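This report concerns only the one structure given below.
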Amino acid sequence: MSMKRWILAVMVAGVVGSGSSVSQAADVSWLDEMRTPPQVVKHVMPVYPEDARAEGVEGQVVVRVTISKEGTAIRPQIVVSSGDPRLDQAAIDSVLAWKFKPATLNGMKEAAEVQIPLQFRLVDPEPPAEEATTEAR
């Protein structure tokens, strides 16, 4: 049984907790018309680890997972580490909770590998009060 590798397209940005965001992005590619790549049915935003946020830790994680014929993410592997194991684990935990429509070959469901990048980035929730009053003038 052949397993196809795909790069999954996901473009999601959202605020996770106060003053942080996590975004995900990738490209979709497939090789022939008889194959369809897996598709995200449900994504779960990673939880930004509180201690990592407090320390100002940011980074990108690329997780490779196999999408089973049932649409479940299994066998996660870190392809690109953020350099911080807390962010890496949060990325894995998130991706394992995702649900997919499985890949198909000639209409038959098949397992496929995907790579999913997740960006952990801290953002300022509001400008300082001085800047807010200056802008209002």
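Among the listed residues Val57, Val47, Val40, Val63, which satisfies the condition of being out of contact with any Leu (no Cβ under 9 Å at 6 or more places or on another chain), at pLDDT 50 or above and either part of a strand (DSSP E or B) or farther than 15 Å from Val114 by Cβ (or both)?
Criteria check complete, one pass: Val47.
Anything in the stretch 71-111 that is surrounded by fewer than 21 Cβ atoms within 10 Å (Cβ to Cβ) and hydroxyl-bearing (Ser, Thr, Tyr)? List them, or say none.
Thr72, Ser81, Thr104
Confirm whether Ile92 is in a strand (DSSP E or B) and free of Cβ contacts under 8 Å to residues at least 40 places away in the same chain.
Considered against the rule, which asks whether it is in a strand (DSSP E or B) and free of Cβ contacts under 8 Å to residues at least 40 places away in the same chain, Ile92 comes out as no.
Conditions: (1) at pLDDT 95 or above; (2) not in a strand (DSSP E or B); (3) not acidic (Asp, Glu). Pro125 meets all but one. Number of the miss?
Exception for Pro125: condition (1).
Looking at (1) outside any helix (DSSP H, G or I); (2) modelled with pLDDT of 95 or more; (3) touching a helix residue (DSSP H, G or I) at 6+ places or on another chain (Cβ under 8 Å); (4) over 24 Å from Thr36 (Cα atoms), which is the only condition Arg86 fails?
All conditions pass for Arg86, except number (1).
Identify the single condition in (1) surrounded by fewer than 14 Cβ atoms within 10 Å (Cβ to Cβ); (2) more than 18 Å from Ala91 (Cβ to Cβ); (3) modelled with pLDDT of 95 or more that Ser68 does not satisfy, given that it satisfies every other one.
It fails just one condition, (1).
What are the pairs, 6+ residues apart or on separate chains, where a residue within the stretch 106-123 that is of a type in the set (D, E, K, R) has its Cβ under 6 Å from a residue that is not in a strand (DSSP E or B)?
Lys109/Lys69; Lys109/Pro102; Arg121/Glu58
The values are calculated or read from the model by the stated rules, or taken from the named source; none is laboratory data. Not measured: the values here are computed from a predicted model. Quick reminder, even Gly has a Cβ in these numbers, built from the backbone with ideal geometry, and neighbours come from all protein chains shown.
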